[in-house]
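Single-structure report; data block below.
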Amino acid sequence: QVQLVESGGGLVQAGGSLRLSCAASGRSFSSYAMGWFRQAPGKEREFVTAISRRGVNRDYADSVKGRFTISRDNAKNLVYLQMNSLKPEDTAVYYCAADPQNSWSRSVTEYDYWGQGTQVTVSS
């Protein structure tokens with residue numbers, strides 16, 4: 001079992017940056033792949049990025065590639081999402097999620113544990 005708490009969301013102008021953090025409880029954090037997803041109003045939750053349990057493998061949605069960076073600190077049970085060059089279309093609630101199978105998948109169904117989400121709003 002793991003509990004996830006996101007932080008770092010807020011309001012930013014287009015072109016700006018934000019760094020989201022996700023704090024995980026539990027002793028098995030380093031065995032989980034971690035992902036970030038987002039959901040805009042009226043839309044389905046979509047994959048943003050994922051990282052394998054040791055941080056060796058990363059995957060990014062095409063829409064954020066080159067602008068967003070995922071990282072993790074297993075000693076601190078933290079995963080980060082650095083978001084640069086933000087666009088209004090990045091506006092959404094951002095969720096972190098944990099995948100016990102370390103599949104670092106793009107599929108929502110592969111993730112067993114979810115945080116409550118943090119709002120990111122990018123103004124034009």
Worksheet, complete the sentence: Under a Gaussian network model of the chain whose springs join Cα atoms within less than 10 Å, the largest fluctuation of ARG67, ARG53, ARG106 belongs to ARG67
Worksheet item: Tell me, in nm to one decimal, what length is gained between THR69 and LYS43 on full extension, where the rule is 0.36 nm per residue of separation less the Cα-Cα distance?
Response: 7.0 nm
Discussion item. Please list, in order along segment 49-58, the HN-Hα scalar couplings obtained from phi with the Karplus expression 6.51 cos²θ - 1.76 cosθ + 1.60 (θ = phi - 60°), rounded to whole Hz, x for Gly and Pro.
Written reply: 6, 8, 9, 6, 4, 9, x, 6, 10, 9
Discussion item. Quick check for me: using +1 on Lys/Arg Cβ and -1 on Asp/Glu Cβ, what's the dipole size of the chain about its Cα centre, in debye to the nearest 20?
Written reply: 320
Worksheet item: Sorted by accessible area (1.4 Å probe), largest first, how do THR121, THR69 line up?
Response: THR69, THR121
Discussion item. Which of the three applies to the chain, rounded, prolate or oblate, going by the alpha-carbon gyration tensor with a ≥ b ≥ c and a/c under 1.5 meaning rounded?
Written reply: prolate
Item to complete: Subtracting the Cα-Cα distance from 0.36 nm times the residue separation, let me have the gained length for ASP62 to ALA14 in nm, one decimal.
Response: 15.4 nm
Worksheet, complete the sentence: Accessible-area order for TYR32, TYR113, largest to smallest, probe 1.4 angstrom, reads TYR113, TYR32
Worksheet item: Considering only protein heavy atoms, what per residue accessible area in square angstrom results for the chain with a 1.4 angstrom probe?
Response: 51
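The values are calculated or read from the model by the stated rules, or taken from the named source; none is laboratory data. Here the structure is a predicted model, which means the values were calculated and not measured. We place every Cβ from the backbone using ideal geometry, glycine too, and count neighbours over all the protein chains shown. SASA here: full protein model, heavy atoms, side chains in, ligands and nucleic acids out. Shrake-Rupley method; radii C 1.70, N 1.55, O 1.52, S 1.80 Å.
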